[in-house]
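A.B. asks: A single structure is presented below for examination.
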Amino acid sequence: MNAPAPATVMVAATDGAAMPGPPLISLHGAAVRFGATVALQDVDLTLHQGQRLVLIGSNGSGKTTLLRLLHGLLPPAAGERRVHPVQPSGRAPRMAMLFQRPFLLQLSSRRNLLLSLWLAGVPRSERAARADAALARMGLQAQASQAATALSGGQQQRLALARAWALQPDILFLDEPTASLDPASRGEVEALVDDLGRGGMTVVMSTHHLAQARRLASHIGYLERGRLAALAPVERFFTQPPPAAQAFLRGENPWH
C-alpha cells in the first residue's frame, strides 16, 4: 500500500475564513520514534495564534503523539520544532495540556488548582484569585471544597480544564477530552472548549467525533499512519474532502 501524500495546507483566506494570526509553533520535517517504531514522520505544520486545530484519524494514526510533539513533551527524532514569540509581547507562548483521563490529587478542587499555580511559578498574591476565577469560569464554585477525586467524570474534566485555564495559556492542547464522558457531560465540556477557542485562545484538540470536530474547529488535520496527510479549513474539509481523507470520511459517516 502506498504511503499517503504529505499534508496539503489550504490557505484559509480563499475559503472566506479568517486569515491566520502570527505563528506560534512550527514543525519542519518532524519525526517521532519509539525505539524501532516510527510514530510520526515528515510532519510540516505551522500553528497560528487564534487557530482551532482539530486532529482526526484512526487509532494509532499519531494524533496524541503530534499533540505531545507540539507541546514539547516529546522531542523530534528528526526535523525541527520551532517556537515563535507571542506577538506583540515577544515572550514565549504559555502552553497547557488536558489529557483524556486527567490526573487529580486527593485534595479539594480549589487546592488542586492552587498547587498547579504554585508549580507553574505564579506569584502567591495571584493564586487565590486565579483559582477562584477558574472555578467560576468552569461552573465549579459549588465543588471548590470537594475532593477532586470524588467528582463525577464530567466535573473532573471541567476541573482539569479549569486548572489549564488558570495558567492563562496561549495554547491549549486537548487529547480526546470528552472520550470517556456521557453525552450530557460531553456537551458541557465541548461548550467550554468552544467558548475558549472563540474567545481567542489557540486550541489544538484530537477527537474521534467528526460532528464535534466540525463544530469546534477552524481547521482540520487528518493523520494516517504517522503522517499529516491533509490539512484544511473546516468547511472545505467536509464539503470538498481532500483525496487523502475521503475513504476515512466515508467509513465514519455514522459520526456525522
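The values are calculated or read from the model by the stated rules, or taken from the named source; none is laboratory data. The shown structure was predicted, so the numbers you read here are calculated from the model rather than taken from an experiment. For neighbour counting, all protein chains shown are included, and Cβ atoms are generated from backbone atoms with ideal geometry for every residue, glycine included.
A.B. asks: Give the residues of the range 228-253 that are closer than 17 Å to SER206 by Cα and either not acidic (Asp, Glu) or not assigned by TED's automatic domain parsing to the domain that holds ASP44 (or both), sorted by residue number.
C.D. replies: Those that are closer than 17 Å to SER206 by Cα and either not acidic (Asp, Glu) or not assigned by TED's automatic domain parsing to the domain that holds ASP44 (or both): LEU228, ALA229, ALA230, LEU231, ALA232, PRO233, VAL234, PHE237, PHE238, ALA245, PHE248, LEU249.
A.B. asks: A follow-up question, please. Would you mind telling me which numbered condition in (1) out of contact with any helix residue (DSSP H, G or I) (no Cβ under 6 Å at 6 or more places or on another chain); (2) closer than 24 Å to ASP42 by Cβ; (3) at pLDDT below 95 THR202 fails?
C.D. replies: If we test THR202 against (1) out of contact with any helix residue (DSSP H, G or I) (no Cβ under 6 Å at 6 or more places or on another chain); (2) closer than 24 Å to ASP42 by Cβ; (3) at pLDDT below 95, just (3) comes out false.
A.B. asks: Additional query: Of all residues in the range 126-150, which are under 17 Å from LEU107 (Cβ atoms), within 23 Å of the chain's Cα centre (by Cα) and of a type in the set (Lys, Arg)?
C.D. replies: ARG130 - this is the single residue of the range 126-150 that is under 17 Å from LEU107 (Cβ atoms), within 23 Å of the chain's Cα centre (by Cα) and of a type in the set (Lys, Arg).
A.B. asks: Out of PRO75, PRO22, report the one residue that is farther than 19 Å from PRO169 by Cα, out of contact with any Ser or Thr (no Cβ under 8 Å at 6 or more places or on another chain) and of a type outside the set (Gly, Ala, Ser). Even if it seems obvious, please write down each step before you answer.
C.D. replies: On the way: PRO22 fails: farther than 19 Å from PRO169 by Cα.
Among PRO75, PRO22, only PRO75 is farther than 19 Å from PRO169 by Cα, out of contact with any Ser or Thr (no Cβ under 8 Å at 6 or more places or on another chain) and of a type outside the set (Gly, Ala, Ser).
A.B. asks: Any residue in the range 150-167 that is surrounded by fewer than 20 Cβ atoms within 10 Å (Cβ to Cβ) and farther than 23 Å from ASP132 by Cα?
C.D. replies: No, the range 150-167 contains no residue that is surrounded by fewer than 20 Cβ atoms within 10 Å (Cβ to Cβ) and farther than 23 Å from ASP132 by Cα.
A.B. asks: Further, regarding this structure: Please give the number of the condition PRO102 fails out of (1) surrounded by 14 or more Cβ atoms within 10 Å (Cβ to Cβ); (2) over 19 Å from the mean Cα position of the chain (by Cα).
C.D. replies: Here PRO102 clears every test but (2).
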